[in-house]
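For reference, the structure discussed in these notes is given below.
Each reported figure results from applying straightforward, stated rules to the coordinates on display, with no laboratory input. Computed from a predicted structure; not experimentally measured. Don't worry about glycine lacking a Cβ; one is built from the backbone with ideal geometry, like all the others, and counts go over all protein chains shown.
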Ligand SMILES: [Mn+2]
């Protein structure tokens, strides 16, 4: 029987001191006048929220930022950018985007420190003479790529780090900043329930609620606003759920044909992988999404003590100990087989009785 621990062994997992922004980093933020703010490909709530909050925060300090995303963020979090400060690149960067780089004095990368996660913007950033700084909380990034990188892998999200930076810069946390930051922390912690929901997450949330954020309204907007079509597609995924190792490994596959049949966009599938984790015995959960014929996006989650980061890393991906992802090419059968084998090995490696 699986033992459940309701108290973190060893007491609080984070000390507030670990989250103080480095002075050298703050200095760069203080000095920039025309920052170009970017985040990772397929931005999530944390990427968008961090970027929008940073945009408003630096504007309050007198800078003229520009925020550029490689892809459209999930529709469910679009409400955190009512002014539309985040511009979305539609296809390859054009002359306008090259001008944006020429006009900027600093590039600020949020919620990733991996070059590959910059997508179509990488060639522009790779060749720029501008200072590149970043705030992140992922494992194993390309630190050498940055002039100044503030990466805290133990941080629940990038959003709470942005809050800490803005506080240190004495920026007033208005509702245009508080709401996106709350969404950043809330989404990256699975609404304050994943293992990264540390004291830092709750303390950040507490400050933002004090600034007027209404958690019930935010929860409804993100998690209770699905279309009937998306809910049916999720039903299809759950109905075809598969399991291995007595239910310890649970996984599902979502095919292009299903999205077409149910008329659902990729962006609407946020949270599908977590729904698979409802199975009680599940320790490792993964979702395979067919992007195009032979190309798949894999999201991995761990519900227990097992780190699934090595599994993602083995296939060229990355992320965190409890939430990671990778991309694979091949036939559906091959991909599922190699993922089941890799997760099975990871399960065995972390089982002390084997
Ligand atoms: Mn994040």
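Going highest first, how would you order 183-194, 114-125 by mean Cβ packing within 10 Å?
183-194, 114-125
Rounded to a whole number of µm²/s, how large is the Stokes-Einstein D of the stretch 12-139 at 20 °C and 1.002 mPa s, given Rh as the Kirkwood radius over C-alpha pairs?
Here the translational diffusion coefficient equals 142 µm²/s.
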Inset, instruction - Measure nothing fancy, just the Cα-based angle from helix 199-210's long axis to the longest principal axis of the chain, in degrees from 0 to 90, nearest 10. - result: 60 degrees
Inset, instruction - State the volume of the convex hull built on the alpha-carbon positions of the stretch 298-354, expressed per residue in Å³ and rounded to an integer. - result: 68 Å³
Inset, instruction - Please report 202, 296 as a ranked list, fewest other C-beta atoms within 10 angstrom at the top and most at the bottom. - result: 202, 296
Inset, instruction - Stick to the Cα atoms of the stretch 73-135, pair each with every other, and give me the Kirkwood hydrodynamic radius in Å at one decimal. - result: 13.2 Å
Inset, instruction - Measure nothing but the geometry: give the 0 to 90° angle between the long axis through the Cα atoms of 175-188 and the longest principal axis through the Cα atoms of the chain, rounded to 10°. - result: 30 degrees
Inset, instruction - Rank the residues 64, 112 as a footprinting-exposure proxy: fewest other Cβ atoms within 10 Å of their Cβ go first. - result: 64, 112
Inset, instruction - Over the chain, consider all pairs of different Cα atoms and compute the Kirkwood hydrodynamic radius from their mean reciprocal separation; express it in Å, one decimal. - result: 21.0 Å
Inset, instruction - Would you mind ranking 41, 284 so that the residue whose beta carbon has the fewest other beta carbons within 10 Å leads the list? - result: 41, 284
Inset, instruction - With everything on Cα atoms, drop me the angle between helix 228-239 and the longest principal axis of the chain, reported from 0 to 90° to the nearest 10. - result: 40 degrees
Inset, instruction - Only helical DSSP H runs with n ≥ 4 go in: add -39500 (n - 2.57) per run for the chain, normalise by residue count and round the 222 nm mean residue ellipticity to 500 deg cm²/dmol. - result: -11000 deg cm²/dmol
Inset, instruction - Express the relative contact order of the chain as a whole percentage, based on alpha carbon pairs under 8 Å and six or more residues apart in sequence. - result: 13 percent
Inset, instruction - Give me the distance between the Cα centres of the stretch 184-257 and the stretch 275-354, rounded to whole Å. - result: 18 Å
Legend entry - Viscosity 0.890 mPa s, 25 °C: Kirkwood-radius Stokes-Einstein D of the stretch 121-231 over Cα pairs, µm²/s: 157 µm²/s
Inset, instruction - Before anything else, pin down the relative contact order of the stretch 228-349: Cα pairs under 8 Å, at least 6 apart, normalised by residue count, whole percent. - result: 20 percent
Inset, instruction - Please express the Cα-Cα pair-distance distribution P(r) of the stretch 202-293 as a list of whole percents, one per 5 Å bin, running from 0 to the bin with the greatest distance. - result: 3, 12, 20, 17, 14, 13, 10, 7, 3, 0
Legend entry - Rg/Rh (Cα only; Kirkwood hydrodynamic radius) as it applies to the stretch 100-169: 0.97
Inset, instruction - Please report Rg over Rh for the stretch 228-349, where both radii come from the alpha carbon positions and Rh follows the Kirkwood definition. - result: 0.94
Legend entry - Volume per residue that the Cα convex hull of the stretch 16-222 spans, once the total is divided by residue count, Å³: 107 Å³
